[in-house]
Amino acid sequence: MFWDNYSETLDRFSLQKLQLELLRKTIRQAQHAPYYQTILSGAGITPESIRSLEDLRKIPFTTKDILRDHYPYGFLAVSRDDIVRMHSSSGTTGRPTVIFHTQHDIDEWSLLVARCMYMTGVRKSDVFQNMMGYGLFTGGIGFHYGAERLGAMVIPSGPGNTKRQIMLMREFETTVIHIIPSYALHLIKTLIEEGIDPKKELKLRIAYLGAEPHSEETRRRIEDALGVRAYNSYGLSEMNGPGVAFECTEQNGMHVWEDAYILEVIDPKTLEPVKDGEEGELVFTTLKREGMPILRYRSKDLAAVYPEPCPCGRTHRRITRIKGRTDDMLIVKGVNMYPVQIEKTLMSFPEVGSNFLIILDHKDYNDHMTIKVEVSSAMFTGDLKSLQNLRRTITERLRSEILITPDVQLVEPDSLPKSEGKAVRVIDNRHQWG
Ligand code: AMP
Ligand code: ZN
């Protein structure tokens, strides 16, 4: 069972031997998926042709675009009858990427999350309030199943409704929470406003922070205000979701569960591996997935592997905080989005001029998005009422595209700064890459 710590402390040699065995099995399974069938046979790859972990590099990378191109079933390696659940990534860039799971996949995933929670001190006796979004997004349900697997009592509160969250924490003596860091800061603000001292009036011990980048300073602030130990939790829907990499009680780097994923770190330009300690793009291969195995998935997340082993004794390598992305994906209030989604929406309005600017701030412990939009001269000289209507319609359309409500400000034509080269579309004042 996961709490015997056995697989977490396997020596590196045995761990790699296990990875090779599971990689071969994964390739055999992937051969059932239409996309991989073509790719693998084209590259002459069979389970037998993989003789060492090095041979993994013969397999082409998989990207989000490839997943999208083969939407919805091109990566499915089992019969549709065997799928028990689907998830999708939290962004809404056109076609979503969908991931299908069998019962076996859900069980393995739950076990990984349970391992993360157990590692950081959660036990059966704990009360776990899950303030992460439920639904297609993997953060909420992923942790929910993990906590149940561990035997803790789950309060599936989901995000928002802060006063109710506080009531639940008080009434049911919540000891562990899972929360988006920006929402944690908002929760703290509300607690202060309500005159509640979390350290005296709540029973919180642990907070899991995930889904978006945050700094060491944010972690310390949350720890100090709530009187908890806060742990960084990293995952992506293509690799199940939470439970890919997680901090141990050393709070110094996240262990990547290498008995479930092969981690490579590559230079995003040359695609060659970088040395431990050097920053690069994280690439993952699933080792336990049956419904939809994914080989060499380019996450676009940038981080480095710690060169030295962790003092906790676990042998699975650690990665740093996520330092940024190789693409321009933004994460606002925990929701992924791309500037191009905003551009597409704005440009569909004939009244909109040629330039716009997205400004991200962190105010009142919350992310704020302001979008300054140039309007056409005709519009600008028109009446106020139509400007107000336009602003309202643009806001509504943007909300349905990016799932959050930006503050739209209509400005005069040619009033926004123009850049000589690539347009500067985003000003991020949040300083959140830690
Ligand atoms: P999704 O597939 O919608 O769950 O989004 C996954 C993405 O969220 C990752 O590729 C990261 O960019 C981001 N993410 C998730 N967890 C963290 C974390 N702990 N720190 C920084 N970024 C994160
Ligand atoms: Zn450790």
**Message:** Please enumerate, by chain and number, the lysines with C-alpha under 21 Å from the C-alpha of Lys25, excluding those fewer than 8 residues away in the same chain.
**Reply:** Lys17, Lys58, Lys288
**In nm, spacing of pseudo-spin labels at Tyr73 and Asn5 (7 Å Cα→C-beta vector)** = 4.7
**Item:** Radius ratio Rg over Rh of the range 332-432, counting only Cα atoms, Kirkwood formula for Rh
**Value:** 0.96
**Prompt:** Among 214-227, 96-109, how do they line up from the highest to the lowest mean number of other beta-carbon atoms within 10 Å?
**Reply:** 96-109, 214-227
**Asked** When the chain is fully extended, how far beyond the present Cα-Cα distance does Lys199 get from Val411, taking 0.36 nm per residue of separation?
**Response** 71.7 nm
**Phi to ³J(HN,Hα) by Karplus 6.51 cos²θ - 1.76 cosθ + 1.60 over the range 131-147, Hz, x for Gly, Pro** = 8, 8, x, 8, x, 4, 4, 7, x, x, 5, x, 6, 4, 5, x, 5
**Complete:** dims of the range 36-170, Cα set, principal axes, largest to smallest, nearest Å -> 60, 35, 28
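Only the coordinates and a few stated rules stand behind these numbers; no lab work does. What you see is a predicted model, and the numbers here were worked out from it, not measured in a lab. Ideal geometry is used to build each Cβ from the backbone, glycine not excepted, and the neighbour counts take in all protein chains shown.
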